[in-house]
Amino acid sequence: TEGGGVSRYDGKSFTNFTEKEGLSNNTVYSMLEDKSGNLWFGTNGGGVSRYDGKSFTNYTEKEGLSNNAVLNLLQDKAGNIWFGTRKGLSKASAMHLAKLAEKIDKVKSANTNTNTEKKSENNKSVEEEMANLFYNYGYNDGFLGLNCRRNSVLQDSKGRIWWGTDVLTCYTPE
């Protein structure tokens, strides 16, 4: 979208989601539904938003994303989610995503109707828990096309992941 947020159609009517409802930025470049049914929205300047069907959780450079302009998204066969940005590539492993989702759910339920800082069971803030969520790839890792293009990523039948960037880039997961 170009500033209008995202819309959901339930078979009868449309519901619009914008920054007012928790989306990180109203300009959405890419979308993904993960294997757990969460919706991910890559935005122009707001990082990425994860919608669990009830609320949004936003991830930005502050949490380790390589850049806040997320132009493409892919969940690979192993369950990792890849974020193609204007300044490289970020990956959130399936293991980290599962742990983080569990902690966020616990924090949300524990902090319902309170104004206290959101803490997990081990007294770390959700922000502290998110600190190691992303691994970023760049030139030093062999990712030569730092400027990812909108919706130009796929995983082929052999498991290789292809990105459209300044140069066509292929990665073969181990």
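The values are calculated or read from the model by the stated rules, or taken from the named source; none is laboratory data. Nothing here was measured: the structure is a model prediction, and the numbers come from that model. For neighbour counting, all protein chains shown are included, and Cβ atoms are generated from backbone atoms with ideal geometry for every residue, glycine included. For the accessible areas, the whole protein counts, side chains as well, though only heavy atoms, and no ligand, DNA or RNA atoms are used. Shrake-Rupley method; radii C 1.70, N 1.55, O 1.52, S 1.80 Å.
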message: Is it the case, given these coordinates, that residue 142 is open to solvent by 30 Å² or more (accessible area, probe 1.4 Å) and either farther than 12 Å from residue 74 by Cβ or among the β-branched types (Val, Ile, Thr) (or both)?
response: yes
- prompt: Is there a residue being without any contact (Cβ under 8 Å) to a residue 24 or more places away in the chain, open to solvent by less than 20 Å² (accessible area, probe 1.4 Å) and not hydroxyl-bearing (Ser, Thr, Tyr) anywhere in segment 24-41?
  reply: no
task: Quick one: count up the residues across segment 48-104 that are of a type in the set (S, T, N, Q) and within 11 Å of residue 136 (Cα to Cα).
output: 4
task: Tell me which residues, restricted to segment 126-144, are of a type in the set (D, E, K, R) and either more than 18 Å from the chain's Cα centre (by Cα) or at pLDDT 80 or above (or both).
output: 141
- request: All but one of (1) assigned to a loop (DSSP other than H, G, I, E, B); (2) among the small types (Gly, Ala, Ser); (3) closer than 20 Å to residue 148 by Cα hold for residue 42, so report the exception by its number.
  value: (1)
Matching residues in segment 10-23 - criterion: being part of a loop (DSSP other than H, G, I, E, B) and either charged (D, E, K, R) or touching a residue at least 24 places away in the same chain (Cβ under 8 Å) (or both): 10, 12, 22, 23
